[in-house]
1. Based on DSSP H runs of at least 4 residues, each adding -39500 (n - 2.57), what is the mean residue ellipticity at 222 nm of the protein assembly as shown after dividing by all its residues, to the nearest 500 deg cm²/dmol?
2. How charged is the neighbourhood of A:ARG53? Take every other residue with its Cβ under 10 Å from the Cβ of A:ARG53, and add Lys/Arg as +1 and Asp/Glu as -1.
3. Does the stretch B:14-92 come out rounded, prolate or oblate by the C-alpha gyration tensor, with a ≥ b ≥ c the root eigenvalues, rounded set by a/c under 1.5 and, if not, prolate when a/b is larger than b/c and oblate if not?
4. Any idea what log10 I(q)/I(0) is at q = 0.11, 0.17, 0.19 Å⁻¹ for the stretch B:27-177, Debye with uniform C-alpha scatterers and no solvent?
5. Mind grabbing the base-10 log of I(q)/I(0) for the protein assembly as shown at q = 0.10, 0.12 Å⁻¹? Debye formula, identical points on the C-alpha positions, no solvent, two decimal places.
6. Mind checking the mean number of beta-carbon atoms from other chains within 10 Å of the Cβ atoms in B:14-22?
7. Rank these for me by crowding, B:VAL79, B:VAL203, going from fewest to most other beta carbons within 10 Å.
8. Please give the peptides B:68-75, A:55-62 ranked by average Cβ packing (other Cβ atoms within 10 Å per residue), highest first, as a rough proxy for protection.
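We did not get these values from a lab; they are worked out from the coordinates using the rules stated. Remember, predicted model here, so these are calculated numbers, not experimental data. Reconstructed Cβ throughout: ideal geometry from the backbone, glycine too, with neighbour counts over all protein chains shown.
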Amino acid sequence: MSSRDYLGEFEHIVILALLRLGDRAYGVTVRQEIEARTGREVSVGAIYATLDRLEGKGYVKSQFGEPTPERGGRSKRFFRVTAKGMSAVNRTHRAIQSMTRGLDLIGSYS
Amino acid sequence: MSQASLPRIASWLVDLFSPGEDAESIPGDLLEEFSDLAAKSGVASARRWYWRQSAKTIAHLIGSGFRVAPWSIVGTVLVGYLLLVFGDSLAEEAIVGVIHLRRHHVTPYYNQTQLATYVLWLNTSILIGRLLMSLIIGCFVALAAKGREMAATITLGLVVGASLGVFFLVGVLRHWPQNAYLSPFLVDQFAHSIAIVIGGIIVRESRLAMTRRPSGV
């Protein structure tokens, strides 16, 4: 993995949602967590497109739960962040902190 | 109650466009949220939410299909287009050959009614044969684009539609104003794009039927 491999903005938000949700992280809870915390309406398709991309990079892993009647007999797909994903989150955080250090963002734009 | 009120068309479209690995989780997540919303805010509001989410989800899934496997989709669409170009003329030649097998000795002696019947049969057979060829090529493209059947067949349908659109415009400009015959020709040609997409739907539905569990598990 390249040391320059940072998370995109939405990838970052999705991984943080997975970390917050822990064992309860699947499509519905991830979508609702992001909506509740950012106030941004996101689609299930956007969540899965991002999670599939993150899984392809090895940043998250998924496993299927049992099918349930309230979901029409369909399974939930649970996600969790891998060690590689944690490194990517930390690297991205450090880059953002480094870039914002010393800037008076609120004062500059108010 | 709430599952019965689910917008069937939107739900069918989501099933069609969800890629292999998400074929259960995406429709399941949408159904779960729809049921919760219907209990909290009423069925009408939940149906509106479901349609909005489905439209956005399908747009994302088509886009991600191209990002995840661009060369696989481009390759299958290109092969499908070439098959269509060569297959169309082969189908036409085969149909004309079969019809002439029994008739070519007597055609010059047809009266007006027999000639009109002959031409109608010939045109109808060619149209049906070419539509079947488009449908089969749509199925082939969908089989090759594993898990991205709809993205591949819609792309091929759009490519065929766009190339026919260009052909139509060139024809209109070159033959203006004697171009009245071109409009039905265009409608006939666009039917091929629809046949290709129907081929994709057939393959997708077959694959879903093979993997689907009975609801209520």
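1. After summing the helix terms and dividing by residue count, I get -25000 deg cm²/dmol.
2. That works out to -1.
3. On the way: a/c = 3.84, a/b = 2.60, b/c = 1.48.
Prolate shape, in that a/c is at least 1.5 and a/b is the bigger ratio.
4. Here the Debye-derived log intensity ratios amount to -0.70, -1.03, -1.12.
5. The calculated log intensity ratios at q = 0.10, 0.12 Å⁻¹ are -0.75, -0.94.
6. Across B:14-22, the average partner-chain Cβ count within 10 Å equals 3.
7. Numbers: B:VAL79 15, B:VAL203 22.
Starting with the residue having the fewest Cβ neighbours, the order is B:VAL79, B:VAL203.
8. Values: B:68-75: 14.8, A:55-62: 16.6.
Ranking the peptides B:68-75, A:55-62 by packing returns A:55-62, B:68-75.
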